[in-house]
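What follows is calculated from the coordinates using simple rules that are stated; it is not laboratory data. Since we're looking at a predicted model, the values are computed, not measured. Every residue, glycine as well, gets a Cβ built from its backbone with ideal geometry; the counts of neighbours run over all protein chains shown.
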Amino acid sequence: MITIQELLYNRGLDKTAKVKLVRHKDKDFPLYHWYRYDKQKFLTYQSLQRENRFKNTEYIVSFVGEEGKLSDLLGFLKSTK
């Protein structure tokens, strides 16, 4: 099995980069649908997390929670915080 770290490092991520893994799950919002069909709405949702959620974070690896502990990997982006 390959790890998230191996995927990121094999794509050129510096091993000293500050990365945060984020799993979004919200029964009130269709997050996966937004990600697929209205990325700006999803990115806005992600940016409205609790204050300091992404402080001192260089990159975010984003997931959407599914049933139980399952998650879909959405992507990897540079933090704006």
To the nearest 0.05, how large is the calculated FRET efficiency for Ala17 and Thr44 if R₀ is 22 Å and r is the Cβ-Cβ distance?
-> 0.35
Normalised by the number of residues in the chain, what is the relative contact order in percent for Cα pairs under 8 Å and 6+ residues apart?
-> 31
Would you grab the residues whose amide H sits under 5 Å from the one on Ser71? Only those 5+ places off in sequence or on another chain, please, with H modelled 1.01 Å from N.
-> Glu66
Of the labelled options (1) 0.96; (2) 1.14; (3) 1.39, which one gives Rg/Rh (Cα atoms, Kirkwood Rh) as computed for this structure?
-> (1)
Quote the charge dipole size of the chain about the Cα centre in Debye, to the nearest 20; the model charges only the Cβ of Lys and Arg (+1) and of Asp and Glu (-1).
-> 260
Using mean Cβ contacts within 10 Å as the protection proxy, how do 11-19, 72-80 order, highest first?
-> 72-80, 11-19
